[in-house]
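Shown next, in structure tokens, is the structure this report addresses.
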Amino acid sequence: MYQRRRGAAQQQILPWRIGAVHQHPQQWKQARLQLHLVNHHQPLRIVGDDGKDCAVGEIGELLINGPTSAIMYWNNRAKTKATFAGEWTRSGDKYTLSADGYYTYGGRSDDMLKVGGIYVSPFEVEACLMTHPAVFEVAVIGVQDADELVKPKAYVVFKSGQSATTEELKMHVKQHLAPYKYPRWFEFVSELPKTATGKIQRFKLRQAVNLL
């Protein structure tokens, strides 16, 4: 997340990614309240699919404008057109802006789910599930239901010797997030696919669903 904050001492933008929430969800909650990340010399915008600025609390793509931005991809016109819009650079990341000035990371654009026409951040759902005392790790992807509508599905790894029912986990999410964000399906697994650096490979989970 980012926060705009005025003051000569605050000249840099520092990124905050949600990866650590999988290990320390409560610490992430505290960090969101305490972290002050801003650069009022480097304008930021959050825009929707229509290119218009999003309202407070509405999720959209973060655009950045400043002297450190690149101007093109070498010998890649298609990528250049997709990434640069005049003086603005598309980050490829989804964010929301709170009323008190915090920019909260929602995930990569290609990881986002669109449920009932509304963007849902898989990271937000994962962070919520990680606060359940029985959950060790979780990954959320989008899966089509019988009506070909995308809904969240969660892959859950429990802590050793602990467990929870599907209904308990659904209720846990509903109690903390908007009701439409809760996973419709849960699959309990012993481990999640990851890269050598520990990043969850959601694309492998999506591929496995598509093969069914």
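The values are calculated or read from the model by the stated rules, or taken from the named source; none is laboratory data. Remember, it's a predicted structure, so these values are computed and weren't measured experimentally. Using ideal geometry, Cβ is built from the backbone for each residue, glycine included, and neighbour counts are taken over all protein chains shown. Surface areas here come from the heavy atoms of the whole protein model, side chains and all, with no ligands, DNA or RNA. Shrake-Rupley method; radii C 1.70, N 1.55, O 1.52, S 1.80 Å.
Would you mention how many residues in region 147-156 are surrounded by 12 or more Cβ atoms within 10 Å (Cβ to Cβ) and not hydrophobic (A, V, I, L, M, F, W, C)?
4
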_Residue among 125, 120 that alone is surrounded by 12 or more Cβ atoms within 10 Å (Cβ to Cβ) and in contact (Cβ under 8 Å) with a residue 60 or more places away in the chain_ = 120
*asked:* Cβ-Cβ distance below 9 Å, separation of 6 or more or different chains: which pairs start in region 68-89 with a residue that is in contact (Cβ under 8 Å) with a residue 40 or more places away in the chain and end on one that is part of a loop (DSSP other than H, G, I, E, B) and open to solvent by less than 40 Å² (accessible area, probe 1.4 Å)?
replied: 88/65; 88/69
*Among the numbered conditions (1) open to solvent by 10 Å² or more (accessible area, probe 1.4 Å); (2) within 14 Å of the chain's Cα centre (by Cα); (3) not aromatic (Phe, Trp, Tyr), tell me where residue 139 comes up short.*
(1)
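Quick grid of which residues meet (1) in contact with a helix residue (DSSP H, G or I) (Cβ under 7 Å, 6 or more places away or on another chain); (2) open to solvent by 40 Å² or more (accessible area, probe 1.4 Å); (3) on the phi > 0 side of the Ramachandran plot:
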site: 158; (1), (2), (3): no, yes, no
site: 163; (1), (2), (3): no, yes, no
site: 167; (1), (2), (3): no, yes, no
site: 170; (1), (2), (3): no, no, no
site: 174; (1), (2), (3): no, yes, no
site: 177; (1), (2), (3): yes, no, no
site: 186; (1), (2), (3): yes, no, no
site: 191; (1), (2), (3): no, yes, no
site: 206; (1), (2), (3): no, yes, no
*Take region 171-199 and flag every residue that is modelled with pLDDT of 95 or more, assigned to a helix (DSSP H, G or I) and over 15 Å from residue 130 (Cβ atoms).*
171, 174
_Complete set of residues in region 69-83 that are over 22 Å from residue 44 (Cβ atoms) and open to solvent by less than 60 Å² (accessible area, probe 1.4 Å)_ = none
_Restricting to region 136-157, name every residue that is among the hydrophobic types (A, V, I, L, M, F, W, C) and farther than 18 Å from residue 202 by Cα._
146, 149
_So, in region 45-95, how many residues would count as being among the basic types (Lys, Arg) and in a strand (DSSP E or B)?_
3
*Please determine, by comparing only the residues of region 88-101 that are modelled with pLDDT of 85 or more and out of contact with any Gly (no Cβ under 9 Å at 6 or more places or on another chain), which one is most open to solvent (accessible area, probe 1.4 Å).*
90
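Is it true that residue 100 is of a type in the set (Asp, Glu) and within 14 Å of the chain's Cα centre (by Cα)?
Taking the combined requirement at face value, the residue does not satisfy it.
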_So if I check each of 76, 65, which one is of a type outside the set (Asp, Glu), in contact with a Leu (Cβ under 8 Å, 6 or more places away or on another chain) and at negative phi?_
65
